[in-house]
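Student: The structure is given below, and queries will be raised subsequently.
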Amino acid sequence: MKPAIIRAERVEKYYAQPSENRIQVISPTDLSIAEGEIVALLGPSGSGKSTLLRMLTGLSVPSAGKVFWHEKPIAETEINVSIVFQNFALFPWLTVLENVEAPLKARGLDPIERRRRSKHMLDAVGLDGFQAAYPKELSGGMRQRVGFARALVVEPEVLFMDEPFSALDVLTAENLRSELLELWHKKTIPTKSIFLVTHNIEEAVQLADRIIVLGRNPGHVRTDFRVNLQHPRDRKAHAFLDLVDYIYKVLTQPETQPPALPRTADGKRVRDQRLMSYQMLPHARPGGIAGLLELLLDHNGKDDIYRLADDLAFEIDDLLPIVDAASLLGFLTVNEGDAALTPIGIEYANAEILRQKDIFREVAVENVLLLRQIVRAIDAKSDHTVPEEFFHDMLDEQFSEEETQRQLETAINWGRFAELFDFDASRRRFTHPEALQMPPDEDEVVA
């Protein structure tokens with residue numbers, strides 16, 4: 001194996017809280033990028049893909065651990081990397097040629113040399129003849145080609161790409177992927193390694209020599225494996241589809257045996273969100289869950305999640321929260337990328353709305369600790385109301401402020417639908433479902 005260009009050693013990212021606990025974004029992680037490989041990083045939303053990319057490129061400093069560039073600490077040496085972003089990030093007031101020249105100008109390169117190199121790179125990515133055009137005159141695919149040219153003109157050892165094709169239409173994205181592979185295999189581009197952050201599983205299997213899949217809460221490596229398929233890769237081949245299904249399985253199946261909690265340099269135990277008291281509620285609405293179950297029912301109660309997302313024209317990040325929510329509530333099981341309805345899921349999909357509410361109420365209390373605690377707290381109070389802040393403070397120990405709010409919003413949405421409780425937004429209090437519409441006392445009626 002070739003030596004690593006970039007190597008991360010026990011890097012982690014966390015944010016301190018007023019208490020002794022920390023919000024752990026990425027748990028201690030080892031990772032390396034070697035010469036001659038395309039590495040794809042996959043993971044669900046919130047797993048820290050972009051955070052990890054920023055630490056590997058030196059744009060963000062790890063909270064702990066170290067990143068090495070050719071075995072020298074990244075903070076103590078000059079590194080040679082470039083990043084291609086999702087949103088093109090071009091200067092609208094500069095021409096195509098001037099955009100590509102910009103990083104060379106920033107490095108103080110001679111004007112004649114930087115123009116020569118910029119024209120050569122524009123020619124390599126198929127933009128010869130567009131040097132004098134402005135970004136607003138170009139299509140999305142052509143603007144991203146400018147982004148590639150600008151990143152490559154500095155001849156980076158490692159080219160980082162943060163979801164570079166996600167803003168493009170399907171055909172344009174496919175064309176650019178093919179062109180990137182052609183440039184890479186013909187060694188037309190000077191880069192020695194490519195690191196791709198993506199949420200598109202097929203894209204990862206199509207491009208990468210090695211795939212890393214992250215889990216979340218906090219971000220951590222679930223699997224890291226080599227793709228032993230020859231290029232060009234046939235998307236309909238069994239080996240290709242097996243890899244796609246495997247990655248779906250890794251993304252959708254919860255871990256059965258999480259590793260031991262890490263410790264900081266001072267020996268204190270870091271709070272790991274995977275071992276938290278509260279499950280992380282997927283941000284899905286009851287209507288979306290019901291819709292998914294009904295679709296599965298139409299497909300004989302079982303379907304491949306990848307195929308289902310494709311049929312619905314959904315991104316996987318849009319569908320997975322709904323799948324996770326249905327799984328958490330016991331409506332379906334996920335195995336090797338296939339979602340299958342459980343008996344209660346079949347009953348729910350076939351039920352009328354009132355019966356669905358009854359079923360949702362039963363499974364929510366049984367499976368979701370936060371909802372169960374809210375209901376019990378309301379029942380225990382003499383006035384049958386509990387301030388939102390009570391649960392906010394507990395969740396805030398385990399989630400970021402933004403995620404705490406999202407967790408409460410999801411819990412309120414589910415609880416209201418199941419008629420477990422109501423929520424008085426003006427007073428920010430959970431209430432008994434009948435508290436806002438209680439009938440008058442008998443004395444008042446007599447009066």
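Student: Can you work out ³J(HN,Hα) from phi for every residue in the stretch 357-374, in order, using Karplus 6.51 cos²θ - 1.76 cosθ + 1.60 and θ = phi - 60°, giving whole Hz and x for Gly and Pro?
Tutor: 4, 4, 5, 4, 4, 5, 6, 5, 5, 6, 10, 10, 4, 4, 5, 4, 6, 4
Student: When every alpha-carbon pair in the stretch 4-252 is counted, what percent end up more than 35 Å apart?
Tutor: 16
Student: I need the GluC sites (Glu not before Pro) found in the stretch 16-60, filtered to DSSP loop residues with at most 15 other beta carbons within 10 Å of theirs.
Tutor: Taking the stretch 16-60 and a limit of 15 other Cβ atoms within 10 Å, the loop GluC sites (Glu not before Pro) found are E20, E35.
Student: Okay, next question. Taking 0.36 nm per residue of separation and subtracting the Cα-Cα distance, what length does fully extending F390 through L229 add?
Tutor: My answer for the length gained is 52.6 nm.
Student: Can you give the FRET efficiency to the nearest 0.05 for L94 and D383, using r as the Cβ-Cβ distance and R₀ = 45 Å?
Tutor: The computed FRET efficiency comes out at 0.10.
Student: Taking the C-alpha atoms of the chain, how large are the radius of gyration and the largest Cα-Cα span, Dmax, in Å?
Tutor: Spelled out, the Cα radius of gyration and Dmax of the chain are 25.9, 97 Å.
Student: Under 5 Å between amide hydrogens, which residues at least 5 positions from Q279 or on another chain qualify, with H placed 1.01 Å from N in the peptide plane?
Tutor: HN-HN under 5 Å from Q279: L369, L370.
Student: Let's test the formula: R0 of 25 Å, r as the Cβ-Cβ distance of H185 and D318. What FRET efficiency results, to the nearest 0.05?
Tutor: About 0.15, to the nearest 0.05.
Student: List every residue whose amide H lies under 5 Å from the amide H of G43, counting only residues 5 or more places away in sequence or on a different chain, with H placed 1.01 Å from N in the peptide plane.
Tutor: It is L214, by chain and number.
Student: Taking amide H positions as placed 1.01 Å from N in the peptide plane, with prolines and chain starts having none, which residues 5 or more places from N80, or on another chain, fall under 5 Å of its amide H?
Tutor: E157
Student: Right, here's the next one. Taking the alpha-carbon centroid of each part, what is the distance from the stretch 94-132 to the stretch 157-184 in angstrom?
Tutor: Spelled out, the Cα-based centre of one part sits 20 Å from the other.
Student: Same structure, new question: Give me the aspartates and glutamates in straight-line cross-link reach of K236: C-alpha distance below 13 Å, same-chain residues under 8 apart excluded.
Tutor: E202, D245
Student: Which trypsin sites (Lys or Arg not before Pro) from the stretch 157-254 combine a DSSP loop assignment with at most 14 other Cβ atoms within 10 Å?
Tutor: K186, K187, R235, K236
Student: Too long at a 30 Å Cα-Cα cut-off: which of K187/K249; K49/K192; K49/K119; K72/K187; K49/K357; K72/K192?
Tutor: Exceeds cut-off: K187/K249; K49/K119; K49/K357.
Student: How large is ³J(HN,Hα) for each residue in the stretch 32-42, as worked out from phi by the Karplus curve 6.51 cos²θ - 1.76 cosθ + 1.60 (θ = phi - 60°), to whole Hz, x for Gly and Pro?
Tutor: 9, 10, 9, 5, x, 9, 9, 10, 10, 10, 10
Student: Pop the C-beta distance of E35 and R416 into the FRET formula with R0 = 60 Å and round what comes out to the nearest 0.05.
Tutor: The value I calculate is 0.60.
Student: Something else about it: Once you keep just the Cα pairs under 8 angstrom separated by 6 or more residues, what percentage relative contact order results for the chain?
Tutor: Computed value for the chain: 15 percent relative contact order.
Student: Continuing with the same structure: On a C-alpha basis, how far is the centre of the stretch 282-341 from the centre of the stretch 46-62 in Å? Whole number, if you could?
Tutor: If you average the Cα positions of each part, the centres end up 30 Å apart.
Student: Counting other Cβ atoms within 10 Å, keep those with at most 10, restrict to DSSP loop, and tell me which trypsin sites (Lys or Arg not before Pro) in the stretch 80-160 are left.
Tutor: R107
Student: Under the rule of -39500 (n - 2.57) per DSSP H run of 4 or more residues, summed and divided by the residues of the chain, what mean residue ellipticity at 222 nm is obtained, to the nearest 500 deg cm²/dmol?
Tutor: -12500 deg cm²/dmol
Student: I would also like to ask the following. Remind me, relative contact order of the stretch 286-431 in percent, using alpha carbon pairs under 8 angstrom and six or more residues apart?
Tutor: Computed value for the stretch 286-431: 20 percent relative contact order.
Student: Once phi is turned into θ = phi - 60°, what whole-Hz ³J(HN,Hα) does the Karplus curve with 6.51, -1.76 and 1.60 give for every residue of the stretch 100-114, x standing for Gly and Pro?
Tutor: Values per residue, Gly and Pro as x: 6, 6, 3, x, 6, 5, 5, 8, x, 6, 4, x, 5, 5, 5 Hz.
None of the figures in this text is laboratory data; all of them are computed from the coordinates on show. Note that the coordinates shown come from a computational prediction; the quantities given were computed from them, not determined experimentally. Cβ atoms come from the backbone with ideal geometry, glycine included; neighbour counts cover every protein chain shown.
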